[in-house]
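The structure under discussion appears below in the form of structure tokens.
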Amino acid sequence: MSKRIQGSLGMPKTQKKGKALLIIMTFLIMASAMAIPILLTINPSGTTRSFAINYKSGELANEDVFATSSFQYLDEEKTKGMREQEYAKILPNFSFSLKGTTTSMERVRSFKQAWENPETAVTDLSLFFAENRLTDQANVRGRFSSLSPDVRSQMLEALSAAMETILQKGLFSSDSINRLIDQGYGYYTIINTISMAKAEKADKIPFQEAVTKEKIEDALHSWVSPYIQLYPGFQPDLLFDTLKLLAEVNVVYDEASTLLLREEAEKRISPIYVNVKRGQKIVTKDTVITEEQLDLLSKMNNSYLQYTWLEIFGRSVFIILITIGSLYVFIMFLKNDKRIYLYINLMLISVFVTEIVLYFLARYIADSSIMMRDSYLPILFAPVFVSHITSKKRLGIITAFLLSCYAMLLPLSSSMAFFFGMTTAGSCLYCFRFSGKRLDDIFNWFYACISSCFLALCLTLLSGFTFAGVLPYLGGLIVNITLSIVLVDVLVPLCERLFNIPTAYRLSELAFADSPVLDRLGALAQGTYNHSRYVSELAYNAAKAIGADAMLARVGGMYHDIGKADHPEYFVENQGQENKHDEIKPSLSVAIIKSHVKLGIEKGRDAGLPQEVLDIIAQHHGDDVISYFYNEAKEEAAKTGREVKQEDYSYNGDPPTSPEAAIVMLSDCVEAASRTLKKPNPSKIRKIDPFGYHGENREKPAWAIKAFAHRS
């Protein structure tokens, strides 16, 4: 064993194991946080599917069925209907045909030219009709040959003008018109003019106004009236029959452009999705099940969110940043704590266990086809557990933040899951006092339930829940808090004993419960026992004044001198008129006095004291020089010419490494110095310099000065 008394907790081997476990648990909780939402989406709810299988349309439902999560589905019928409406808005497009117009005018010209020689006209026209595949069923040739030259000339001129009029209006195919009318269209548009230029405006025109060969009489009825009045021999029926024979359809249905426009119109209609909110009732108990409800249940089963690779990447980055950030802050609060790896690994283990429970609870809720409520999320246990184990509430808040972020990623959780986790966990941690009695947790539970329910009620109203849905929400929260407290009260004592952690409960038990070590000290060394009580009280108030761990300082003060129980008569507070040191050499006196530190550590270890208390015992004298015997030894050595080493008359401990150890050292000095005062009063006590009494020219630590300045 080295000369210095080893009181530190973390040995290199232990630290390496702690670091290795920290890395493993960090990767484990991040992998769980990434995998759990994906696993919940891979295997969708089975209950709603079985509902759709067990029931048929027209039967009565024996249970209510709610949407277990918000989802949306494509309304195919409505989308199809909207697209059909938009499709129907695109009217049939017709286009002037240059070929039809040219053919019609060329036929009229050839017909007129044939009648320039009436003797050969009939023969020439027969050849003309044969070449153009025209059938003269109305005997146009014979009827024209029977006309007088003047009337024939008038008819031919009227024929040219009538053909131009018809062609300008546009001559349609009656088959195309009738087919489109049968399809339900009453209007059409023309996309160009007779000159083939693009129309300025595509007005919709009723099909009743379209001119076909069957409607030529109606179209030219008013147009031929002047000819009939001016020319007595004018024959309108012969004109109409000739037009029907010679005219070629010059307005055709442009089906290709019409279909292209209709396809573009359909594309402009986006798919119509229906949003179903979480908690929306799909089936009501004791009502007739409809085909639409069964179809909606089927859509809900198939609509569970499937994450894309980009979404998985984004979630992974978020989880890594949140986890690393939370661990960094957690470590910053514990950077000077010797149990840093123990505490952080306990936190990670509690978070991992919570994630597993979250998965199975979310799976159960989904399979039970009930509403997912944030108050059922078991994210309160880990923050309360970490807070009690470390005696630091802010570490519980960090744990709550981490779990709230993880819970927010669950596919069945609401958007308020994060705020619920933070507010309720913060409320519970604020209401939980580190009391000395575990029965006080009953009052802590009551206050936590009241405050958390109030905050949860505010959040439910913000989320849009009705008052009818609030009671199950608050009931779940109370059950959640109750189970969390029960688990904490069961697991914290186990961790206390297993890892010898100085929790607030453990320190309270050491300070106020019966202790065989203190009982023996009180029986064998009453003066030391009283001295320890005074030091304990001083240390408690000083630590409380500067925000240190007051209970740890109190326990350290109570147990710091338990090593004096083996040789109580050699310590001044236990002596009467006789001083045992007068009979022995200074070197032996120093050895006996120094031994109380080593003996105290051994007795404390046998009694199962936490390492932090053992550190206080080991460090409450540090490496101070025992001045009285050192000076006495130097005087004797001067007479004999021997040399005295200072370290032989110094304690073998290390200087205090924690505020609590430094406070106990100061309190020990102050209490010992105050007993040397004659006629002590507050003024004299305030003037005591513990460093001047208990150390020679030592630099005063900042926390020691502050603790001494704020002592009670």
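Here are the numbers for the structure shown:
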quantity	calculated
Residue match in region 597-607 (condition: surrounded by fewer than 19 Cβ atoms within 10 Å (Cβ to Cβ), over 26 Å from residue 529 (Cβ atoms) and not basic (Lys, Arg))	no
Residue within region 251-261 that is part of a loop (DSSP other than H, G, I, E, B), more than 30 Å from residue 74 (Cα to Cα) and in contact (Cβ under 8 Å) with a residue 12 or more places away in the chain present	yes
Qualifying helices (runs of 4 or more DSSP H) (wholly inside region 330-448; at least 2 residues being in the same structural domain as residue 315 (by TED's automatic domain parsing) and modelled with pLDDT under 80)	340-367, 417-431
Checking residue 77 against (1) part of a helix (DSSP H, G or I); (2) over 30 Å from residue 297 (Cβ atoms); (3) free of Cβ contacts under 8 Å to residues at least 40 places away in the same chain; (4) not basic (Lys, Arg), the condition it does not meet	(2)
Matching entry among 189, 242 (being β-branched (Val, Ile, Thr), surrounded by 11 or more Cβ atoms within 10 Å (Cβ to Cβ), at pLDDT 90 or above and over 30 Å from residue 117 (Cβ atoms))	189
Residues being in contact with a helix residue (DSSP H, G or I) (Cβ under 8 Å, 6 or more places away or on another chain) and loosely packed, with under 11 Cβ neighbours inside 10 Å - total across region 192-239	1
Test result for residue 126, over 54 Å from the mean Cα position of the chain (by Cα), part of a helix (DSSP H, G or I) and more than 26 Å from residue 170 (Cα to Cα)	yes
Test: residue in region 155-162 that is assigned to a loop (DSSP other than H, G, I, E, B) and surrounded by fewer than 18 Cβ atoms within 10 Å (Cβ to Cβ)	no
Residues located in region 655-700, provided they are among the charged types (D, E, K, R) and either in a helix (DSSP H, G or I) or modelled with pLDDT of 85 or more (or both)	660, 668, 671, 684, 686
Of the criteria (1) among the polar types (S, T, N, Q); (2) farther than 22 Å from residue 89 by Cβ; (3) in contact (Cβ under 8 Å) with a residue 40 or more places away in the chain, which one residue 225 fails	(3)
Residues being of a type in the set (A, V, I, L, M), crowded, with 16+ Cβ neighbours inside 10 Å and more than 40 Å from the chain's Cα centre (by Cα) - total across region 69-107	3
Residue selected from region 628-654 under the condition of a type in the set (Gly, Ala, Ser) and not in a helix (DSSP H, G or I), by the criterion modelled with the lowest pLDDT	641
Per-region count, region 108-141, residues among the small types (Gly, Ala, Ser) and buried (at least 19 other Cβ atoms within 10 Å of the Cβ)	2
Residues satisfying the stated conditions in region 545-595, i.e. acidic (Asp, Glu) and not in a helix (DSSP H, G or I)	549, 561, 566, 578
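The values are calculated or read from the model by the stated rules, or taken from the named source; none is laboratory data. Only a predicted model underlies this, so the values are computations on that prediction, with no experimental measurement involved. Heads up, the Cβs are rebuilt from the backbone with ideal geometry, glycines too, and the neighbour counts pull from every protein chain shown.
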